[in-house]
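Below is one structure, written out as structure tokens, with a few remarks after it.
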Amino acid sequence: MALNEIRVLLAEDEPLVAMLLEDALTDAGACVLGPAMSLAHGLELAAQGPDVALLDLRLGRESAAPIADALAALGIPFAIMSGDVGVDPLPRHGRVPSLAKPFEPDQAVRLLARMVGRG
């Protein structure tokens, strides 16, 4: 599949969305780190050096921006998920690939596959 052996950090605080994304990523061959449902857990997983990450911008009442910062410092590409269409949520990171909620899980798989050169 498109993501065989790719380590994907998944940060999503909505359990059903997290489950659907985790299933789609696993079906595509990815090794899913998470899902991280909090900032602290996301930062722990970022330190494990995933190959790519998919971040919900809001994890409960916390911003996922510190996770994005940690990933950027490590040179790890990431994409964001957000319901705030048209808003540049992480301007310090330049143009970051994004998915506007709601979206289909296979859209996330295709986006991450392109990001790691497999799609």
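The values are calculated or read from the model by the stated rules, or taken from the named source; none is laboratory data. Please read these numbers as outputs of a predicted model, since none were measured by experiment. Glycine also receives a Cβ, built like all others from the backbone with ideal geometry; neighbour counts cover every protein chain displayed.
Miscellaneous remarks
- Pairs are defined by a Cβ separation below 9 Å, a sequence spacing of at least 6 or placement on different chains, a first member in the range 36-58 that is more than 18 Å from S82 (Cβ to Cβ) and without any contact (Cβ under 8 Å) to a residue 24 or more places away in the chain, and a second member that is among the acidic types (D, E) and surrounded by fewer than 17 Cβ atoms within 10 Å (Cβ to Cβ); the pairs so defined are A40/E62.
- Any hit, the range 74-88, residues being at pLDDT 95 or above and more than 22 Å from A113 (Cα to Cα): no
- Helices (runs of 4 or more DSSP H) completely within the range 5-89 that count 2 or more residues being more than 20 Å from P102 (Cβ to Cβ): 39-46, 65-74
- Any hit, the range 65-80, residues being closer than 15 Å to Q107 by Cα, surrounded by 14 or more Cβ atoms within 10 Å (Cβ to Cβ) and either more than 13 Å from the chain's Cα centre (by Cα) or among the aliphatic types (A, V, I, L, M) (or both): yes
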